[in-house]
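Undergrad: Sharing a structure, written as C-alpha cells. Questions coming.
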Amino acid sequence: MEILRHSIRLATTAPIELADITAPVRAWVEASGIRNGLLTLSSLHTTARVTINEREPELQRDMVAFLERLAPRAADYAHNRDTVDGRANAHAHLLGLFVNASESVPVADGAPVLGAWQSIFFVELDGPRAQREIQLQLIGER
C-alpha cells in the first residue's frame, strides 16, 4: 500500500467559477503507477470547494446563477462589516456550506472511476483569485 500526494494550483477569473480539473487529476493518477485505490481531493480554502458534476456549458451557467441567488454577494452580512482579511466574502463562506470541501474517487486499473457524464470541478466562490490549491492524496497499490 502506498500513499502519494500532489497539489494542483490554479488561478480563477470570476467571482463564482467552476473550473474543470478532471484532465490534470486524471493525468496525475495515470502517471502515479497506482493501479487500484482511492483518490481524495481537498480544497485548501474555506471559500472554494471541490465537486463532481456534469460538464455542460448551460448547466454550468445554471449552477453559477443558482449559487448567486442562494447567497447574494451584496446582501447585508455581519461578517462583511468586520472582515478578517478585508474581503467582504460572507456570501462565499455561506455557499461553502452547500458544496463539498473534499471528494473521494475510486481508482481502478490506473484511472479515476468516473461516470460517463462526471467531471471534477474546483468551485471558486470568492474570486477572482491569483492562486488557489487543491490537494490530492492517492492511497493504493501498484
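The values are calculated or read from the model by the stated rules, or taken from the named source; none is laboratory data. Quick caveat: nothing in here was measured; it's all calculated off a predicted structure. Neighbour counts run over all protein chains shown; Cβ positions are idealised from the backbone, glycine included.
Undergrad: What helices (runs of 4 or more DSSP H), lying completely within the range 1-103, carry at least 2 residues that are out of contact with any strand residue (DSSP E or B) (no Cβ under 8 Å at 6 or more places or on another chain) and acidic (Asp, Glu)?
TA: 57-70
Undergrad: Moving to a separate point now. Filter the range 49-71 down to residues that are over 24 Å from ARG26 (Cα atoms) and either among the hydrophobic types (A, V, I, L, M, F, W, C) or surrounded by 12 or more Cβ atoms within 10 Å (Cβ to Cβ) (or both), then give me how many there are.
TA: Counting residues in the range 49-71 that are over 24 Å from ARG26 (Cα atoms) and either among the hydrophobic types (A, V, I, L, M, F, W, C) or surrounded by 12 or more Cβ atoms within 10 Å (Cβ to Cβ) (or both) gives 7.
Undergrad: Shifting gears a bit: So PHE66 passes all but one of these: (1) of a type outside the set (Val, Ile, Thr); (2) over 23 Å from GLN131 (Cα atoms); (3) more than 19 Å from the chain's Cα centre (by Cα). Which condition number does it fail?
TA: Status for PHE66: all satisfied but (3).
Undergrad: Within the set of pairs 6+ apart or on separate chains, which have a first residue in the range 1-22 that is under 16 Å from ASN89 (Cα atoms), a second that is among the β-branched types (Val, Ile, Thr) and modelled with pLDDT of 95 or more, and C-beta atoms under 9 Å apart?
TA: Taking only residues 6 or more apart or on different chains, the pairs are ALA14/VAL64; PRO15/VAL64; ILE16/VAL64; ILE16/VAL123; GLU17/VAL64; GLU17/VAL123.
Undergrad: Are any of the residues in the range 87-94 at pLDDT 95 or above, surrounded by 19 or more Cβ atoms within 10 Å (Cβ to Cβ) and under 14 Å from the mean Cα position of the chain (by Cα)?
TA: Yes, because at least one residue in the range 87-94 is at pLDDT 95 or above, surrounded by 19 or more Cβ atoms within 10 Å (Cβ to Cβ) and under 14 Å from the mean Cα position of the chain (by Cα).
Undergrad: Do we find that VAL123 is part of a strand (DSSP E or B), buried (at least 17 other Cβ atoms within 10 Å of the Cβ) and more than 18 Å from the chain's Cα centre (by Cα) in this structure?
TA: no
Undergrad: Hey, can you tell me all the residues within the range 126-137 that are in a strand (DSSP E or B) and in contact with an Asp or Glu (Cβ under 8 Å, 6 or more places away or on another chain)?
TA: If the condition is that a residue be in a strand (DSSP E or B) and in contact with an Asp or Glu (Cβ under 8 Å, 6 or more places away or on another chain), then ARG132 is the only one that fits.
Undergrad: Among the residues of the range 110-120, what is the count of those that are assigned to a loop (DSSP other than H, G, I, E, B) and β-branched (Val, Ile, Thr)?
TA: Total meeting the criteria: 1.
Undergrad: Condition first: under 19 Å from ASP126 (Cβ atoms) and either in contact with a Lys or Arg (Cβ under 8 Å, 6 or more places away or on another chain) or among the basic types (Lys, Arg) (or both). Now tell me which residues in the range 21-43 satisfy that.
TA: Answer for the range 21-43, where residues must be under 19 Å from ASP126 (Cβ atoms) and either in contact with a Lys or Arg (Cβ under 8 Å, 6 or more places away or on another chain) or among the basic types (Lys, Arg) (or both): just SER43.
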